[in-house]
């Protein structure tokens with residue numbers, strides 16, 4: 001009787017330990033993909049408490065949280081034959097744990113490799129100006145391509161961001177010269193436009209002053225007042241051209257006599 005009781009106790013203890021070891025707790029963001037005798041169960045389990053009867057069952061934990069993956073710097077030759085080094089960051093999450101386990105060996109590694117090749121191929125089709133100026137458009141294009149290829153793996157790519165574009169030093173100098181020339185061009189255009197506007201206003205002012213000849217004298221006196229305020233010792237007297245012509249004719253007439 002003692003031997004039978006002890007054997008039953010041992011069996012119950014072993015059975016209890018086995019049941020306790022079969023209890024698994026999955027967090028809210030986790031799912032458990034179960035293989036029973038090598039066959040995949042239709043639905044993943046979790047979250048909460050689940051039972052995994054080893055060695056009959058084998059569980060693979062999959063996180064449903066958004067993963068952030070940095071793409072290593074890639075040497076890219078743009079469409080206009082400029083070599084740049086570009087790195088990016090990818091945001092993605094698992095939406096189908098079963099496919100993420102069954103359809104691909106390592107979905108993190110596969111997504112990383114696909115992101116690197118896609119980054120090189122897409123950015124190699126655009127020129128440098130497009131890469132620098134239309135980064136948002138390129139980010140959306142990269143996200144669409146990656147999402148299309150990772151969809152059969154149960155992966156949803158939510159965002160792709162090109163972080164940094166490293167240019168060669170000679171290209172940086174060329175871009176700086178181009179920007180400086182562009183600024184000088186805008187400055188000359190603005191200056192010429194200002195001269196044009198000033199000329200139009202002077203024409204209008206001359207037409208207005210020509211209607212009243214005495215207004216020219218008043219304007220001259222006002223200018224003298226402004227010069228005197230500045231404590232200048234030099235005063236310029238405008239002489240009409242008609243007066244100079246009259247003096248010239250009188251001088252010639254005196255010489256002829």
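Throughout, read-outs are computed from the coordinates displayed, never taken from laboratory work. Predicted model, so just to flag it, every value in this text is computed and none were measured. Here the Cβ is made from the backbone with ideal geometry for all residues, glycine too, and neighbour counts use every protein chain on show.
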**Fill in**
Sorted on mean Cβ neighbours within 10 Å (highest first), peptides 36-47, 166-177, 123-134 come out as 123-134, 36-47, 166-177
**Prompt:** What shape does the range 67-167 have by the C-alpha gyration tensor, where a ≥ b ≥ c are the square roots of the eigenvalues, rounded means a/c under 1.5, and otherwise prolate means a/b greater than b/c and oblate the rest?
**Reply:** prolate
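How do the peptides 84-97, 187-200, 152-165 rank, highest first, by the average count of neighbouring beta carbon atoms within 10 Å per residue?
Numbers: 84-97: 18.6, 187-200: 10.0, 152-165: 16.9.
Ranking, from highest mean packing down: 84-97, 152-165, 187-200.
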**Prompt:** For residue 181 and residue 207, what is the calculated FRET efficiency with R₀ set at 45 Å and r taken between the beta-carbons, to the nearest 0.05?
**Reply:** 0.70
**Rough spin-label spacing in nm, given labels placed 7 Å along Cα→Cβ, for residue 166 and residue 91** = 2.6
**Prompt:** Rounded to the nearest 0.05, what FRET efficiency do residue 192 and residue 248 have when you use their Cβ-Cβ distance and R0 = 51 Å?
**Reply:** 0.85
**Item:** Theoretical gain in end-to-end length, residue 159 to residue 174 [0.36 nm per residue, Cα-Cα removed]
**Value:** 2.2 nm
**Prompt:** Given labels modelled 7 Å from the Cα in the Cβ direction, how far is it in nm from residue 106 to residue 12?
**Reply:** 4.8
**Complete:** Residue separation between residue 139 and residue 21 times 0.36 nm, minus their alpha-carbon distance, gives in nm 37.8 nm
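Starting from the Cα-Cα distance between residue 222 and residue 43, subtract it from 0.36 nm times their residue separation and give me the gain in nm to one decimal. Working shown, then result.
Numbers: separation 179, 0.36 × 179 = 64.44 nm, distance 9.50 nm.
Result for the pair: 54.9 nm of gain on full extension.
Which shape class, rounded, prolate or oblate, goes with the range 159-201 when its Cα gyration tensor gives a ≥ b ≥ c as root eigenvalues, a/c under 1.5 marks rounded, and past that a/b bigger than b/c marks prolate? Mind showing how you got there, number by number?
On the way: a/c = 10.35, a/b = 2.51, b/c = 4.13.
The shape class here is oblate.
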